[in-house]
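*Asks:* Here it is: the structure, laid out below.
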Amino acid sequence: MTGVEPSNQAAFRERMASQKITIYTKKRLNKVTEKGAVIEDWGGSRQEIAADTIVLASGFIPMTSMAEQLEKAGMEVYAVGDCVSPREIYDAMHEGYWTARKI
């Protein structure tokens, strides 16, 4: 949440905690499974996490290759936030909200 005012950061963190959203940093998505995902740290240590939804946030350049691979595998994919174009968190939240309403 770089670039977000501290008071807004606190509100976002509180809201995410109330929704039981877990944030993993410095991890790499290794595999999506039927139960969730397998993530890997920089040392190569893997961990399987249970999840029904996975959101990736990784840098400032949109990487569409994973979305394309998931679509080819028959999965329903929606691009929002920095996956479309790096911007402010408000944009990502707004797009995420409206996309979730469509789903």
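The values are calculated or read from the model by the stated rules, or taken from the named source; none is laboratory data. Because the structure is a prediction, the values reported are computed rather than measured. FYI the Cβ positions are ideal-geometry reconstructions off the backbone, even for glycines, and counts take in every protein chain you see.
*Asks:* Select from region 57-103 the residues that are over 21 Å from Val32 (Cβ atoms) and either modelled with pLDDT of 90 or more or not in a loop (DSSP other than H, G, I, E, B) (or both) and list them in ascending order.
*Replies:* Once the filter is applied, which keeps residues that are over 21 Å from Val32 (Cβ atoms) and either modelled with pLDDT of 90 or more or not in a loop (DSSP other than H, G, I, E, B) (or both), region 57-103 yields Ile89, Tyr90, Asp91, Met93, His94, Glu95, Tyr97, Trp98, Arg101, Lys102.
*Asks:* Give the residue, chosen from Gly36, Gly74, Gly96, Gly44, that is on the phi > 0 side of the Ramachandran plot and surrounded by 12 or more Cβ atoms within 10 Å (Cβ to Cβ).
*Replies:* Testing whether each residue is on the phi > 0 side of the Ramachandran plot and surrounded by 12 or more Cβ atoms within 10 Å (Cβ to Cβ) leaves just Gly36.
*Asks:* So which residues in region 23-52 are at pLDDT 90 or above and among the polar types (S, T, N, Q)?
*Replies:* Asn30, Thr33, Ser45, Gln47
*Asks:* Residues to consider are Ile49, Ile54; find the one that is assigned to a loop (DSSP other than H, G, I, E, B) and under 20 Å from Met16 (Cα atoms).
*Replies:* Result of the check over Ile49, Ile54: Ile54.
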